[in-house]
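Working notes for the structure below.
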Amino acid sequence: MLIHEGDARSAAIDLRLAALLSAVAGALNATGFEVAGLFSANMTGNLSAFADALAVGRWGPALLFLSVVAVFVCGATLSGIVMEHGRKRRVRGIYAAMILVEAGLLVALGLAGSGGSGVATGMPLIFCLGFLLGWQNAVSTRISAARVRTTHVSGMATDMGLALAGLWVRSERNALHRSQLLLHAVTISAFIAGGVAGTLCHLVLGAVVFLVCGVPLAVVGASELLRARRALP
């Protein structure tokens, strides 16, 4: 799931990756909204809110919304830099290592929040989650050649519409359209399910929700990294 990239990946592998990472993204995005009233993964909404606040001269909120977008971009940028350096040096399992880093940061965030740290409240939490979701989305986009995007729901909904249109006209690419439709449907469904589960988990367990998100990523990342290392000649 975190070893092969691009055209070397099967549809089944992409489905598993999309289901896992989209569920985590949905949970983190919903938890951030539950805590601070802001979405850490909704860049379209944040930019729209920035433009609205800017238009009416609300400079503080405008800067706040723009900052969330900037943090997301920073996460994606740093993730991309690390991945490119890893690929150039032929680091086997670089993508698994990237997910392990995300898992470690989520576990640290959960432990800090459970201990009463302010990092798991208000805007510090939104900035942490925005960075992590930018990091994660860059990994899923890079490894899948942009087929899997775990936070870009508007783009996936558009792709679903295009796949449905292709099936409607019965083109010669029906098999591809069915595969795309399934992938995007699973991604969006997992994002919704993760959002519901994340909100409920936060209401019951508080900051432990970040541990709940981080542990599965750690298990998958570690197992994939071990697989990659065993495959070395």
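Just so you know, all these numbers are worked out from the coordinates, no wet-lab data involved. Everything numeric in this text was worked out from a predicted model, so none of it was measured. Here the Cβ is made from the backbone with ideal geometry for all residues, glycine too, and neighbour counts use every protein chain on show.
If R0 is 41 Å, what FRET efficiency do you get for Ala145 and Leu63 from their C-beta distance, rounded to 0.05?
Working: r = 35 Å, r/R0 = 0.86.
With a Förster radius of 41 Å, E is 0.70.
Note on the chain: with charges restricted to the Cβ of Lys and Arg (+1) and Asp and Glu (-1), its dipole about the Cα centre is near 780 debye.
Based only on Cα atoms, what Rg/Rh ratio does the chain have, Rh being taken as Kirkwood's radius? Present the calculation step by step, with values, prior to reporting the outcome.
Numbers: Rg = 18.2 Å, Rh = 18.3 Å.
Reported Rg/Rh (Cα atoms, Kirkwood Rh): 0.99.
You can think of it this way: the chain between Trp168 and Ala70 has 31.3 nm of extra reach, that is 0.36 nm per residue less the Cα-Cα gap. Residues considered: Leu38, Leu205, Leu125. Largest GNM mean-square fluctuation over the chain, using C-alpha springs under 10 Å, is found at Leu205. Kirkwood radius and radius of gyration were both taken over the C-alpha atoms of the range 95-233, and their ratio Rg/Rh is 1.06.
Okay, helix-only estimate at 222 nm for the chain: each DSSP H run of n ≥ 4 adds -39500 (n - 2.57), divide by all residues, round to 500 deg cm²/dmol; what do you get? Walk me through the numbers before you get to the answer.
Details: 8 runs with 183 residues, N = 233.
It comes out at -27500 deg cm²/dmol, rounded to the nearest 500.
Residue separation of Val215 and Val56 scaled by 0.36 nm, minus their Cα-Cα distance, works out to 52.9 nm of gained length. Subtracting the Cα-Cα distance of Glu34 and Val91 from their residue separation scaled by 0.36 nm leaves 16.7 nm.
Hey, with R₀ at 22 Å, roughly what FRET efficiency would Ala222 and Glu5 work out to, going by the Cβ-Cβ distance, to 0.05?
On the way: r = 19 Å, r/R0 = 0.86.
Efficiency at R0 = 22 Å is approximately 0.70.
Legend: P(r) of the range 45-126 from all alpha carbon pair distances, 5 Å bins from 0, whole percents, reading 3, 13, 14, 16, 15, 15, 12, 8, 3, 1, 0. For trypsin sites (Lys or Arg not before Pro), the sites in the range 123-184 that DSSP calls loop and that have at most 15 other Cβ atoms within 10 Å are Arg170, Arg173.
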